[in-house]
Amino acid sequence: MADYNPHEIEEKWQKYWEKENIFKVTEESEKPKYYLLEMFPYPTGRIHMGHVRNYSIGDVVARYKKMRGFNVLHPIGWDAFGMPAENAAIEHKTHPSSWTYDNIKYMRSQLKRMGFSYDWSREFATCDVNYYRFEQLIFLKMYEKGLVYRKQSWVNWCNRCQTVLANEQVEAGLCWRCGQEVTQKELEQWFFRITAYAEELLEYCDKLPGWPERVLTMQRNWIGKSEGAEIIFPLEDGKGEITVFTTRPDTLYGATFMSLAPEHPLCKELSKGTPQEQEVLQFIEKMKRQNIIQRTAEDVEKEGVFTGAYCINPVTQRKMPIYVANFVLMEYGTGAVMAVPTHDQRDFEFAKKYNLPLAVVIQPPGEKLDPATMEAAYVDDGIMVNSNQFDGMSNREAMEKITEYLESIQKGKKAVSYRLRDWGISRQRYWGAPIPIIYCDDCGIVPVPEKDLPVELPLDLEMIETGQSPLRYSPDFINTTCPKCSRPARRETDTMDTFVESSWYFARYACPHFQEGPLEKKKVDYWMPVDQYIGGIEHAILHLLYARFFTKVLRDLGMLSQDEPFTNLLTQGMVRKETTRCAKHGWLYPQEVKDGKCALCGTPVEIGRTEKMSKSKKNVVDPDELIDRYGADTIRLFCLFASPPEKDLDWSDQGVEGAFRFLRRVWRMVHNNLNTIKNVRPYQGKGNLPEELKNLRRKTHQTIRKVTEDIEERFHFNTAISAIMELVNTIYQLDLNSIDSPFRSEVLREAIETTIILLSPIAPHIAEELWFTLGYKESVSKRDWPQYDPEAAKAEEMVIVIQVNGKLRSRITVPVDASEEEIKASAQNDAKIKEWIKGKTIAKVVFVPRKLVNLVIK
Ligand SMILES: [Zn+2]
Ligand SMILES: [Zn+2]
Ligand SMILES: [Zn+2]
């Protein structure tokens, strides 16, 4: 017998699956559809262990569902536009296009080596003209519907990436891509009106039971709906007004000044020509150099300047000085805040610093606040004071009543506000989908007519060192004629945020070759929504919110029929590994460590924390090397066995070694028993079996039940694999020669076949090889998933004697694996025993394992 050698079998089966189109699917099927999708990769150059884990998880589910009788769509493609391609092209003096397509070519070969069950006929890259031309068409349709607009706005700007970032792309004040501090800049930008869908996006958070609660909470918070009131404060000079949104209209009588965001247009207007003008302008300039996160951090010093102007509190008629304040954001509400220092901590700190008046309007129960001695704002509930007709009311009630009153005097109304802002999609970068817009001196903004699409990204431009887009310096690209008046006009040089591409790719997989439009509705309606989506938690807001928004837009454009793109979502954990460091050479790659010493200098290495695998910490393992050494099945098995998918996975070389040894054990098990089982059929469940064979059958069917439940209910492949390992152990322990039964070979065949089938979604190559070794002529993936026989799977039972005060009174039958607690409970629930202990107190319960329970009663 040849021993297990993955290199001799894996490529063979990959070719077989491809040649036989095993995983190619169409809509013409009697079976129910199942659409499984993993978040598609960015073609950075090589796949990493995070990909391997994500796609191995998805592949088990895809293969399992196929065997469960579903018509499974499992596609793959490439999220191929974006900055890394440009940066790499600049660095390596190549072109983003060749860099990207070279990477795709290599990574495709890596994915194929892993044996994933993709329908490769649907593969595409988002930088293919054939993809982004339809994205441009969607843009135009959205433009027609008023879902796209252009406005001058303050934007997050990353100087290193030379581009604008959406709020979602700023993490703790830093660029999500490069980690550089983000600053503010005022630019003309294109926006997608995602806020038009704020309410629906929020509402549907309650209609996605297949999503992790954590992700839904993050989305709800991001959308950030708050209810309150809009209140109008007339300017003192009577030449206008300031509108604020507040969630605390109950505190209106305590509003003593007004705070404006530095970006609020009124700041400059109000201070113009006053002695404050210079100071205000300087302050605004200073704020531009800070980013929003810095400015609004809780512990940041509150600061501001007086604009020289006043507004009037509409209910107290108090003259309120208007300030520009660092902690107010143009982004939220209206960019103006009515300041109530007694009942808002930030206003309190600001008022203390600038000696502004305090007026208490809510008293805590049983206490009396004195503005002169307050050390912090009182933000909780209480009873209204100093608020005219509302005095004595609870502040909760006053929220409603004051809002009603404002409405009656036309100084305000009930209002809802969202934290969600419209999605700025203009990027000043080259490697993206051109925005299909033309600027004409006479006609203004003119969308590119549909018949002129695509606006192709020219591929013959040279990259610019600074990272600026070469489109801006390309007359061939820029200069065009106006579609309306035919006079010379200019093209938009900004490209779309690459998150636009990933917002609808999943629907395009249903009809990747369709040429008449973005989506072929019939096919999309067949496949969508994605039944199971798998990816990292880091996309909880960005990608997953945009994709939900786009689905609703495409629905309203009549291109698909679904409200939501992803029915179930699994967010898998990170792949982590310990870090190693040499005092002289810094972080070391695993292969640079030999016997605990730095391979370069011999210094003993420091073992650091176990962290997410990253190139910067060098705690990475290369999937290629692992496949070369162990084969793909071992890597897949290890990734799935080491931890449940939603948890982090800690890398372990011993674990990989162990996975390989287990597969070899399975291999040998089949070959060792081949003569016995080769020409028999699996046991059909008829005929009397001796105890040993009954036990083996029980284990076989219990394993089917366990593996099925673990995959079906929770995707807990780790416990499923443990169960398969136990079954293999049981088969090894069987002493065949001592069993005298005509069904010996058949029961063994059933057990071994079951092992192979259950293992096949996890380690498909070895399973396929062994399946054919057993004599089958068709892929194991075409086999139905086995059903367990409840009778055979029933746990072995034992008889327990029950005594009352030492006298035998009854017997019960319980499963052999029943716990002490379970057995004691059954004993007391036995009908005969109930009679004996009726009205008595049980003083003591004596338990003898596998034998008896004695109830001592008084
Ligand atoms: Zn950056
Ligand atoms: Zn024109
Ligand atoms: Zn060293």
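Can you find a residue in the stretch 779-799 that is among the aromatic types (Phe, Trp, Tyr), closer than 27 Å to ALA642 by Cα and part of a loop (DSSP other than H, G, I, E, B)? Yes, the conditions are met somewhere in the stretch 779-799.
Residues considered: LYS782, LYS807. Of these, the only one that is more than 26 Å from ASP59 (Cβ to Cβ), surrounded by fewer than 17 Cβ atoms within 10 Å (Cβ to Cβ) and of a type in the set (Lys, Arg) is LYS807.
Taken over the stretch 270-301, the criterion of being aliphatic (A, V, I, L, M), surrounded by 14 or more Cβ atoms within 10 Å (Cβ to Cβ) and without any contact (Cβ under 8 Å) to a residue 24 or more places away in the chain is satisfied by LEU281 alone.
Being of a type outside the set (Ser, Thr, Tyr) and either within 16 Å of ligand 2 (Cβ to nearest atom) or more than 24 Å from GLU10 (Cα to Cα) (or both) is the filter here; which residues of the stretch 632-648 pass it?
PRO644, PRO645, GLU646, LYS647, ASP648, listed by residue number.
Selection of the stretch 399-443 for residues being of a type in the set (Val, Ile, Thr) and within 16 Å of ligand 2 (Cβ to nearest atom) yields ILE437, ILE438. Among the numbered conditions (1) within 16 Å of ligand 3 (Cβ to nearest atom); (2) farther than 29 Å from PHE116 by Cβ; (3) of a type outside the set (S, T, N, Q), the only one that LEU674 does not meet is (1). Within the stretch 434-456, being farther than 11 Å from LEU137 by Cα and buried (at least 20 other Cβ atoms within 10 Å of the Cβ) holds for PRO434, ILE437, ILE438.
Checking each residue in the stretch 1-55 for being acidic (Asp, Glu) and crowded, with 20+ Cβ neighbours inside 10 Å picks out GLU10, GLU38.
Exactly one residue among VAL620, VAL656 is of a type in the set (A, V, I, L, M, F, W, C) and out of contact with any His (no Cβ under 8 Å at 6 or more places or on another chain), and that residue is VAL656. Residue selection: LEU758 satisfies the criterion of being crowded, with 19+ Cβ neighbours inside 10 Å, out of contact with any strand residue (DSSP E or B) (no Cβ under 7 Å at 6 or more places or on another chain) and of a type in the set (A, V, I, L, M). Can you pull out every residue in the stretch 457-506 that is charged (D, E, K, R), loosely packed, with under 13 Cβ neighbours inside 10 Å and either modelled with pLDDT under 95 or away from ligand 2 (no atom under 16 Å from the Cβ) (or both)? Listed by number, the residues that qualify are ASP460, GLU462, GLU465, ASP476.
Residue-wise test of (1) out of contact with any helix residue (DSSP H, G or I) (no Cβ under 6 Å at 6 or more places or on another chain); (2) at pLDDT 95 or above.
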site: PHE245; (1), (2): yes, yes
site: PRO249; (1), (2): no, yes
site: GLY254; (1), (2): yes, yes
site: PRO262; (1), (2): no, no
site: LYS268; (1), (2): yes, no
site: SER271; (1), (2): no, no
site: THR274; (1), (2): yes, no
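For the stretch 145-172, a tally of residues being in contact with a strand residue (DSSP E or B) (Cβ under 8 Å, 6 or more places away or on another chain) and within 12 Å of ligand 1 (Cβ to nearest atom) returns 11.
Among the residues making up the stretch 393-447, those that are more than 16 Å from ligand 1 (Cβ to nearest atom), closer than 26 Å to TRP154 by Cα and small (Gly, Ala, Ser) are ALA415, SER417, ALA433, GLY444.
Within the stretch 810-841, being surrounded by fewer than 12 Cβ atoms within 10 Å (Cβ to Cβ), polar (S, T, N, Q) and within 51 Å of the chain's Cα centre (by Cα) holds for THR813, SER819, ASN829. Cβ-Cβ contacts under 8 Å between residues 6 or more apart (or on different chains), taken from a first residue in the stretch 611-630 that is without any contact (Cβ under 8 Å) to a residue 12 or more places away in the chain to a second residue that is of a type in the set (A, V, I, L, M), are listed as SER614/VAL620.
The values are calculated or read from the model by the stated rules, or taken from the named source; none is laboratory data. Worth saying up front: this structure is predicted, and the values here are computed from it rather than measured. Here the Cβ is made from the backbone with ideal geometry for all residues, glycine too, and neighbour counts use every protein chain on show.
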